[in-house]
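What follows is a set of notes on a single structure, which appears directly below.
The values are calculated or read from the model by the stated rules, or taken from the named source; none is laboratory data. Since we're looking at a predicted model, the values are computed, not measured. As a convention, Cβ positions derive from the backbone with ideal geometry for all residues, glycine included, and neighbour counts pool all protein chains shown.
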Amino acid sequence: MKALIQRVKSAAVDIAGQRHGEIGAGTLVLLGIEKSDTEACADKLLQKVLNYRIFPDSEGKMNLNLQQHNGGLLVVSQFTLVADTAKGLRPGFSKGATPAQGEALYNYFVSQATQLHSNVATGSFGADMQVSLVNDGPVTFMLEV
């Protein structure tokens, strides 16, 4: 399971021209799910996302996590994160979860996130989404479990 996280001043996801989810300052998570992933992977990755120290403290150092910063969390499914790009000029998706498995784990990740964090917004699994953001820094990290 992979999460590309970005510290944002704001982020939103639109589907079919309608706003589906948005946050102010916080973390945008683009979530990629592989065949080998489990709920235990999702739990471990969520803990990492919530506790990864990417927000500035009073001295401007990245010492605060999302919960200490009291920021929003926008979770968007991103199948292409699990692509194999090592060879050729076309990505391979053989490591990606099936749609049913991916959706189940995405929904599990979101459900757990809403239990642990008060400000969670989402995209919609499998939808054609337009994601907009103002990257703060920019600060972007790839987290994997």
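Condition check ((1) at negative phi; (2) part of a strand (DSSP E or B); (3) touching a residue at least 12 places away in the same chain (Cβ under 8 Å); (4) surrounded by 16 or more Cβ atoms within 10 Å (Cβ to Cβ)) across all residues:
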{"residue": "68", "(1), (2), (3), (4)": "yes, no, yes, no"}
{"residue": "75", "(1), (2), (3), (4)": "yes, yes, yes, yes"}
{"residue": "100", "(1), (2), (3), (4)": "yes, no, no, no"}
{"residue": "104", "(1), (2), (3), (4)": "yes, no, no, yes"}
{"residue": "109", "(1), (2), (3), (4)": "yes, no, yes, yes"}
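Of all strands (runs of 3 or more DSSP E) completely enclosed by region 1-66, which ones contain at least 1 residues that are modelled with pLDDT of 95 or more and over 13 Å from the mean Cα position of the chain (by Cα)?
2-15, 18-23, 62-64
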Matching residues in region 27-46 - criterion: being in contact with a Leu (Cβ under 6 Å, 6 or more places away or on another chain) and either hydrophobic (A, V, I, L, M, F, W, C) or within 14 Å of residue 120 (Cβ to Cβ) (or both): 27, 28, 30, 33, 42
Some residue of region 84-96 being among the hydrophobic types (A, V, I, L, M, F, W, C), within 16 Å of the chain's Cα centre (by Cα) and not in a strand (DSSP E or B): no
Enumeration of residues in region 123-141 that are within 18 Å of residue 48 (Cα to Cα) and of a type outside the set (A, V, I, L, M): 140, 141
Breaking point among (1) crowded, with 17+ Cβ neighbours inside 10 Å; (2) out of contact with any Asp or Glu (no Cβ under 7 Å at 6 or more places or on another chain); (3) under 29 Å from residue 95 (Cβ atoms), for residue 55: (3)
In region 68-109, the residues that are closer than 28 Å to residue 9 by Cα and among the acidic types (Asp, Glu): 103
